[in-house]
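Written out below as structure tokens is the structure these notes cover.
The values are calculated or read from the model by the stated rules, or taken from the named source; none is laboratory data. All values reported here derive from a predicted model rather than from experimental measurement. Cβ atoms come from the backbone with ideal geometry, glycine included; neighbour counts cover every protein chain shown. Side chains included, ligands, DNA and RNA excluded: accessible areas come from the protein's heavy atoms. Shrake-Rupley method; radii C 1.70, N 1.55, O 1.52, S 1.80 Å.
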Amino acid sequence: MKISTALLRAVPGAFILNSGINKLGLDEESAAGLQQMAANGVPMVENMTPAQFGKFLSYGEIAVGSALLLPFVPTRIAGAALTTFAAGLVANYFSIDSMTKDDGIRPSEDGTAVAKDTWLAAIGLALLISGGSAKKKRDKKK
């Protein structure tokens, strides 16, 4: 694995894994608040109980963070996981009117913290695109 790929995987991986671990045992009130916000971008989460959503979110973040940090997980798989995760976050950003200015793109003061999730999407896409198979790379060398 190239050092550039390792850096693209390690930094968001550690951040997301830590976030997931911190959400283990999330109380129902906090889970309900996160669920309400998440439902703006991913409406199907409304069908879960807050407890189910809290576990889903925590375990999902742990899985995505781990996939990024574990070097034996192929880069394309890790990139796909991060891109999917980030797509949900970005969907929330664009679904909540108070997150953006009147143009619907630039972040408002409330949306600045959430707008950074677009970076995660960009990193995920970079990993997805750059993660060629080892067989193709070997064949090119011959």
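Before moving on, here are some points about what is shown:
- Within straight-line reach of Lys55, meaning a Cα separation under 19 Å, sit the following aspartates and glutamates at least 8 residues removed in sequence or on another chain: Asp27, Glu28, Glu29, Glu46.
- Less than 5 angstrom separates the built amide H of Thr100 from those of Ser108, all sequence-distant by 5 or more or on a different chain.
- Computed label-point distance, nm, for sites Thr84 and Ala113 using a 7 Å Cα→Cβ extension: 2.8
- When the solvent-accessible area of the chain is split by element, carbon and sulfur atoms take up 64 percent of it, the probe being 1.4 Å.
- Potential lengthening between Phe72 and Val42 on full extension [0.36 nm per residue; Cα-Cα distance subtracted]: 7.8 nm
- Region 8-52 - accessible surface per residue (Å², probe 1.4 Å): 61
- Taking 0.36 nm per residue of sequence separation and removing the Cα-Cα distance, the Asp102/Glu28 pair yields an extension gain of 23.3 nm.
- Positive end of the dipole of the chain (Cβ unit charges, origin at the Cα centre): among Phe85, Leu68, Ile105, the Cα lying farthest that way belongs to Leu68.
- Calculated Kirkwood radius over Cα pairs in Å (choose from (1) 16.8; (2) 16.2; (3) 14.8), label: (2)
- Label point of Val11 set 7 angstrom out along Cα-Cβ; within region 71-90, no amide nitrogen lies under 13 Å from it.
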